[in-house]
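The values are calculated or read from the model by the stated rules, or taken from the named source; none is laboratory data. Source: prediction; values computed, not measured. Neighbour counts are summed over all protein chains in view; Cβ atoms, including those assigned to glycine, are modelled from backbone coordinates with ideal geometry. Ligands, DNA and RNA are excluded from the accessible area calculation, which covers all protein heavy atoms including side chains. Shrake-Rupley method; radii C 1.70, N 1.55, O 1.52, S 1.80 Å.
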Amino acid sequence: MTGTTTKSTQMIRFLGFVSLLCGVLIVGAHVASQSRIRVNQEEILRESLAQLLPGMTRQVIYIVTPTGELTPAASGESSDKRIFAGFDAGGKFLGVVLEASERGYADVISAMYAYSPASKTITGFSVLEMKETPGLGNKIGSDPEFLANFKALDTTHPVAAVKHGKKTNPWEIDAISGATISSRAVGRMLAASVQEMAPIIARHRDRIERGN
Amino acid sequence: MSGTTIIEVRTSPHLHGPMTVETIMRHVIYALLPIAAFFSWHFGLSAALLLAVTTAGCVLAEHTACRLSGKRSTVNDYSAAITGLLLGLTLPPGLPLWMAVVGCLVAILPGKLLFGGLGSNVFNPALVGRAFLQAAFPVAVTNYTPGLAANRFVEFIPSTWAVPLMKPAPLNDWLAKVAVDGFTGATPLAMQKFDHIYSELGPLLWGLGPGSLPGCLILLCGAYLVARGMMDWRITASMIAGAAATGGIFHLVNPALYPDPVWVVFTGGLLLGATFMATDPVASPVTPRGMWIYGLLMGVLTVLIRNLGGLPEGVMYAILFGNALSPLIDRLTPPRPYGARKAQVPQ
Amino acid sequence: MNFFGAERFFGPKRLWRGIHVPEHKEQTAHLPIRRLPFPPLLIVPLSQHAGKPAKAIVHEGQEVVRGEPIAEADGLMSVPMHAPATGRVERIAPAPSAKGELTPAIYIRPYPGASQEVLYGAEQNIDQMTPAQVVAAVQATGVVGLGGAAFPTHVKLKVPEGKKIDTVVVNGCECEPYLTTDHRVMVEYPRQVLHGARIAMRAVGADRAVVGVEDNKPDALAALRAANGDRPGILIEAVAAKYPQGAEKMLVKVLLGREIPSGGLPADVGLAVFNVATLAQIGELLPHRQGLIERVVTIAGPAVRKPGNYLIPLGTPLRWALEQAGCTDQAVSVVLGGPMMGAAVGSFDIPLTKGVTGVLVLAKGGANGEAHVFPCIHCAACVNVCPLQLDPSHLGLLARKDRYEEMETVYHLNDCFECGCCSYVCPAHIPLVQYFRVAKQMNRERKARS
Amino acid sequence: MKETAPNPFINGLWRQNPTFVQILGMCPTLAITNSVQNAIAMGLATAFVLICSNGLIAAIRKHVPKQVRIATYIAIIATAVTVTDYLVKAISISVYKALGPFIPLIVANCLVLERAEGFAAKKPVIPSMMDGAGMGLGFAFGLTCLGTVREVLGAGTFLGIHLFGPNFEPWVLFLLPPGGFISLAIWLLIFASYRERKDRRERARAALLTVQPAEAQS
Amino acid sequence: MNESLGHIFVDAFLINNFVLCVFLGMCSFLGLSSKVSTAWRMGVSVIFVITVSAILSYGTNLILVAFHAEYLRLITYIVIIAATVQLTEMFIKKKSPELFRELGIYLPLITTNCAVLAVPLFQTARGYNLLQSTVFALAASGGYCMAMVLLALVRERTELSDVPSLARGTALTLVLASILSMAFMGFAGMGGGG
């Protein structure tokens, strides 16, 4: 009996040592890399915002509270609804960028789009993550013809995707030929997101444009 | 009689039925020829060439592969030719020929010979080739051109002659020249699914819609094989029944969104699949009850994929899935041996 | 199935599975049974039946009279032998048999010009005998199953302990192509058949008998019905012709809807099954206390000059029988029994015994010529025809991979009675039955080893 | 005796290649190879984990009680993986996103545990790290092979460079799951046929060697 | 994201089948699928372990988040899985020694099955609640089990045929898996969205 006891205390002591070692290593790596990771993330965010709002140099991030109010957010990751307001070097308001997601053909498509509160139009669109069929559905992120839909997409009327070559109204999206499902998902995504966010933005328009 | 006659000693039975694998396969080809002829007449030169290329491609691929591995060539059992014909019939007539050749290679090499050749393939080789093409070149294999174009016997669809590995040239100019008004290149199923536009049923029965083969002709050809005792009708019947029943339920729930059962059966590749592909004996169950289950399952699955999934057509996937399940079905539905129900006699 | 005259619509009772084989019976079906002359030397093997061989009771040089016992039964699973001709015992020595091995036999040289008349025997009154006495009397006649199995008939007549038999089934379904022995027996000896059936009923204590005759033998049906008249107890029924309708398991299922359990006997479902030729012999021999010394054999086939049904003395060498019937130069293979289940012989010197129903001489380029064997395409043809509802397709695949044990334990290999339907229909020409025989043999050897 | 022991580095890179010979660590091999860049990144991340975990385990190998050794290894591997996770994130977020959940899943990569148990638990630190490096790079090599087939056929590019011009029709399938299976099957078939041919040659040579002395005697 | 349970199930079971579409649990998928009985047992053990460890991980993750110790997530999850496997082993050993003998060799293998680790990681990343996590775990492991059994069935069939020596083994298994994977592509887009 005594033999086993010593043995198990030994084992516990050893495991304790290993956990300590692991803990030190993990925490060390975490602390050492944290600042760098944050910088990286912000850079990525700024890049994608700048792509949607050309000329942007500064952004202000708001978090939408469940009651529809806005609180400024420092930065960092957050799963809450966010509004990014972009300003150019001269401090001029360029527009807001919103996030949206919707089920596509294979999996959820998540995207960002630029919205102009003044003209109530969508002025840019970029895909963050998707698993659409390569070479077909995933053209929603790259096809210039498709992205041209979002130069000035009217949102006063519910946005919807129509078959390739059938676009007649400013609120319609000309779908990619052969990738109607993914295109329609984009349409639904934007329609739903605009419907939800546009009133909030309209309500806080002054504040957002001032940038505080 | 002389005592010196050399006698052969064989074991019983000393008689054999008239059927051989080779005859069966030959008659399947006979049954496919009218469909192939219709396909060629409807779509013209390109379609005929496509069928010729897929058939020759499969036969050549099998022959060469057998020779290279030092075996006797097995093309004379006609199964490679059937694979080629079926593959060709499931492809759009304007498909670039180089893609068709890729399809043949995939159908024959990994789809059939890798498993050990005829009788060993777990999946229907033609469908393996088709599924590969569908996944590899999703645009090209869903791009149907209009049938009955005026100059179809004079000139090829330009995409047929695409340079290997390269995209076919866009068809817009050619379409503008030949197309009937309002032609969109979509199959009736795709139009129904995405735009809720129903094609008329009549032309579908005779295969005059884009991208569909004549349902009645296929059934007739299948009936020929059944009458000759070369095909099991149970799988075809149960697959059609399964599809019709499931389609019927959907139609009852929401007639605006889901088509009626007859339409379900006569569109897309359902009849071709149910008659010539699902019945591929090698990849289907052997037990009588198993055949019914297998057919019903594929029919139900086809309609589920069509109505609930992202794709307009589901026959190919349903049959591949059924193929994968057929060993399980066989295992779960063993025929009840004579005398097994009663208790065994203690010895 | 006979409600509301269903038979008028659907025809006679039929076997669900099985196959339609070309019958080839027209060659001999209309020919009356003829006697074959005595050969110069008769070879009477001591083991012509399933069970223990008989013990010889004659010695070399002894003179025997046609019909006289020359060997006695060795126990219950054995039957005596009788001299097929008057003559002299030349020697008692091993002789070749159809299975290839040598078995002891009594060589009898008939006297030239010996009479075909049977002089041996005595009258006995069956009606006063107890079942046990009938069984003993049947054993004394040496009658065994003449349908091919050669199983001692008296053993079948002895009802097993605890079992009750209510019906005697008389098997008049000669489903093998070419063979017409039973057919001719029914046409020419219907009275003996029925008499034998009544003896069997008496022995097993059954109060009825059902005679099943395939509907391709209308003359046999008519003869039996005429001989029976309107006497109750025996029902003569037509069944649709299909192979293997003559297998007892199939016949009882079709006639009475009963299934003999796997590995069991007809007695397990209250039945006793006898071949018509067997009963005809019992009906003929028993009242006169005679022994079985000859039987009807069909000699037919594409390469036979004078096909027909011959009454052949047991022990006649095959060569003699063939010389009498004559063979064309197309002959390639000689089969004892029917073409579906019969075995090809390797030698002409073997004697014809109690179990031989037919001698077929097959010609060159016949239906079973050398064919290319394709791989199994899982077409399920074999599954659809297997009368025992096994899965020959899977069995065949397993056999090719030497997985014999699995065949027996999972796929009921031992239920297979080798009817050959699967091999017949297989479009890939896979020798399925041959595989199964090998597999059974391997399994037996494995069990013997362990 | 020394010379028969193979160099652990070369051993992992080629003779005992984890992808093609041992068929270990299949999940990332199939999942993260739809582009060469991802394949290389994943391979290097795994190699890094292997070097760290092998080194650490070899260092403490003499003190590990037998009963808790698997738990210890897994804890150490998990630590190494967590560290790698942060490292990759710090180097490039886009690479991190492309590799997705497969960095944390290195923990469950049987290759890493197999090397810990099979090599590092018995050998000193330096050879263990060499072995880790060899195995890791061998793994990276396997991934790159696969990634090359998939990227070249699936997108017509290699490391993002167009190979066939803009008109190339990509074989989308190779970027999808079935393509992963097929590409690996193709590589395995190539290696199998290579091995078969080599075997045949060697057998022929062996036959020749055994025949010749007999001939010489006669 | 507020996904419906039905959709989570269909997605994890068919569309993004762990084995055939996301490449998780590959080693056991390729290694233990030569016999249906083995594959089935492995599948069932995995269903059990995944479901239990997913629920445990869900609870643990709440604690980790409360203490802002997310960086310990991975190591905790793997410890939970190892512990679940160990506990399952002990439990089965005690309750049913027969089952233990059958499953014995597979249980330790589950620890290095990345499908098991992936479920807690995915459910955390997607922010599923307890019910969603449970359904997700059941669907993912059920999908794993189904894929294992399907592959084992077709592999057992190929054992009856004459596979060329070149393709025997892993290559053939991979081709089978790829065709199965192609068949599963037909389910894409099912169960919602549309």
Given the C-alpha centroids of segment E:134-158 and segment C:102-163, what is the distance between them in whole angstrom?
65 Å
Average beta carbon contacts from partner chains per residue of D:90-100, 10 Å cutoff
3
Given a 1.4 angstrom probe, what's the average accessible area per residue across segment A:53-210, in square angstrom?
44 Å²
Ignoring ligands, DNA and RNA, please state the percent of accessible area on segment B:4-89 from carbon and sulfur, probe 1.4 Å.
70 percent
Within a 10 angstrom radius of each residue's Cβ in C:392-398, how many Cβ atoms of other chains show up on average? Whole number is fine.
3
Rounded to the nearest 500 deg cm²/dmol, what is the calculated helix-only ellipticity per residue at 222 nm for chain C, with -39500 (n - 2.57) per DSSP H run of length n ≥ 4?
-8000 deg cm²/dmol
Give the E-B buried accessible area in Å², both sides summed, 1.4 Å probe, nearest 100.
2400 Å²
If each of C:ARG437 and B:ARG336 carries a label point 7 Å out from its Cα toward its Cβ, how far apart are those two points in nm?
3.3 nm
Ignoring ligands, DNA and RNA, what accessible area per residue does segment E:63-187 give at 1.4 Å, in Å²?
38 Å²
How big is the dipole moment of segment B:87-187 about its Cα centre under a simple scheme where the beta carbon of each Lys and Arg is +1, that of each Asp and Glu is -1, and everything else is neutral? Debye, nearest 20, please.
220 debye
Computed over chain B, Cα set: Rg, Dmax in Å
22.3, 85
Accessible area drop of at least 30 Å² (1.4 Å probe, protein heavy atoms): which residues of segment D:139-178 qualify, relative to the chain alone?
D:PHE164, D:ASN167, D:PHE168, D:GLU169, D:TRP171, D:VAL172, D:LEU173, D:LEU176, D:PRO177, D:PRO178
Once the other residues with Cβ under 13 Å from the Cβ of E:LEU107 are scored (Lys, Arg +1; Asp, Glu -1), what is the net sum?
+1
C:ALA343's amide H: which non-local residues (gap 5+, or another chain) put their own amide H closer than 5 Å, with H modeled 1.01 Å from N in plane and none for Pro or chain starts?
C:LEU336
Listed here are the pairs C:LYS52/C:LYS163; B:LYS112/B:LYS177; C:LYS253/E:LYS35; D:LYS97/E:LYS35; C:LYS99/C:LYS156; C:LYS55/C:LYS306; which of them are more than 30 Å apart at the Cα?
B:LYS112/B:LYS177; C:LYS253/E:LYS35; D:LYS97/E:LYS35; C:LYS55/C:LYS306
Using a 7 Å offset from the Cα along the Cα-to-Cβ direction at both A:THR156 and E:ILE63, what is the distance between the two label points in nm, to one decimal?
5.8 nm
Residues of type lysines that A:LYS120 reaches as a straight line, Cα spacing below 26 Å, ignoring anything fewer than 8 places off in the same chain
A:LYS81, A:LYS92, A:LYS139, A:LYS151, A:LYS163, A:LYS166, A:LYS167
Eigenvalues of the Cα gyration tensor times 5, then square-rooted: what semi-axes does that give for the protein assembly as shown, in whole angstrom, largest first?
76, 38, 29
Computed [θ] at 222 nm, deg cm²/dmol, chain B (DSSP H ≥ 4; -39,500 (n - 2.57); rounded to nearest 500)
-16000 deg cm²/dmol
On the accessible surface of segment A:30-118, probed at 1.4 Å, how many percent belong to carbon and sulfur atoms?
51 percent
Can you tally the net charge around C:PRO287? Count Lys and Arg as +1, Asp and Glu as -1, for every other residue whose Cβ sits under 14 Å from the Cβ of C:PRO287.
+1
Towards the positive end of the charge dipole of segment A:53-210, with charges on Cβ (+1 Lys, Arg; -1 Asp, Glu), say which of A:SER116, A:THR168, A:GLY104 has the farthest Cα.
A:THR168
If you place +1 on the Cβ of every Lys and Arg and -1 on the Cβ of every Asp and Glu, how big does the dipole about the Cα centre of chain B come out, in debye to the nearest 20?
940 debye
What whole number of Å gives the distance from the Cα centroid of segment B:75-97 to the Cα centroid of segment B:131-181?
18 Å
Placed amide H near C:GLY67: partners under 5 Å, 5+ positions off or other chain
C:ALA83, C:ALA85
Hey, got the dipole for segment E:5-182? About the Cα centre, +1 on K and R Cβ, -1 on D and E Cβ, debye to the nearest 20?
220 debye
Once you order the gyration tensor axes a ≥ b ≥ c over the Cα atoms, which shape class does segment C:381-449 get: rounded for a/c under 1.5, otherwise prolate or oblate by comparing a/b with b/c?
prolate
Under a Cβ-Cβ cut-off of 12 Å, what is the net charge of the residues other than C:LEU322 that fall near it, where Lys and Arg count +1 and Asp and Glu count -1?
+1
List the residues, sorted by chain then number, that are 5 or more residues from C:VAL359 or on another chain and whose placed amide H is less than 5 Å from its amide H.
C:THR298, C:ILE299, C:ALA300, C:GLY337
Name the residue from B:PRO334, D:VAL95, C:CYS175 whose Cα lies farthest towards the positive end of the charge dipole of the protein assembly as shown, charges +1 on Cβ of Lys and Arg and -1 on Cβ of Asp and Glu.
D:VAL95
Using a 1.4 Å probe on protein heavy atoms, which residues of segment B:150-175 have at least 30 Å² less accessible area in the complex than alone?
B:LEU165, B:MET166, B:LYS167
Accessible surface buried upon E-D contact (total; probe 1.4 Å; Å², nearest 100):
2800 Å²
Cysteines without a disulfide-compatible partner in chain C, using Cβ under 4.7 Å as the rule?
C:CYS173, C:CYS175, C:CYS327, C:CYS376, C:CYS379, C:CYS386, C:CYS416, C:CYS419, C:CYS421, C:CYS426
May I ask which residue of D:ALA116, D:PHE139, D:LEU105 lies farthest towards the positive end of the charge dipole of chain D, with charges of +1 (Lys, Arg) and -1 (Asp, Glu) on Cβ and the Cα centre as origin?
D:ALA116
Which whole-angstrom value gives the distance between the alpha carbon centres of segment D:24-85 and segment B:283-328?
42 Å
Surface share of carbon and sulfur [accessible, 1.4 angstrom probe, percent] for segment D:129-191
82 percent
Expected 222 nm ellipticity per residue - DSSP helices of 4 or more, -39500 (n - 2.57), all of chain D, to 500
-22000 deg cm²/dmol
3J(HN,Hα) from dihedral phi, segment A:82-92, Karplus parametrisation 6.51/-1.76/1.60, rounded to Hz, x for glycine, proline
10, 10, 9, 9, x, 10, 8, 4, x, x, 7
Ignoring ligands, DNA and RNA and using a 1.4 Å probe, state the total buried accessible area between C and B in Å², rounded to the nearest 100.
4800 Å²
To check you understand DSSP bridge types, tell me what percent of the beta bridges within the protein assembly as shown (both residues inside) are antiparallel, rounded to 5.
75 percent
Volume in Å³ per residue [convex hull over Cα atoms, computed for segment E:5-182]:
115 Å³
Keeping all protein chains in place, calculate the accessible area per residue for segment C:69-122 (probe 1.4 angstrom), answer in Å².
49 Å²
Name the residues of segment C:228-277 whose accessible area, probed at 1.4 Å, falls by at least 30 Å² once all protein chains are in place instead of their chain on its own?
C:GLU259, C:PRO261, C:SER262
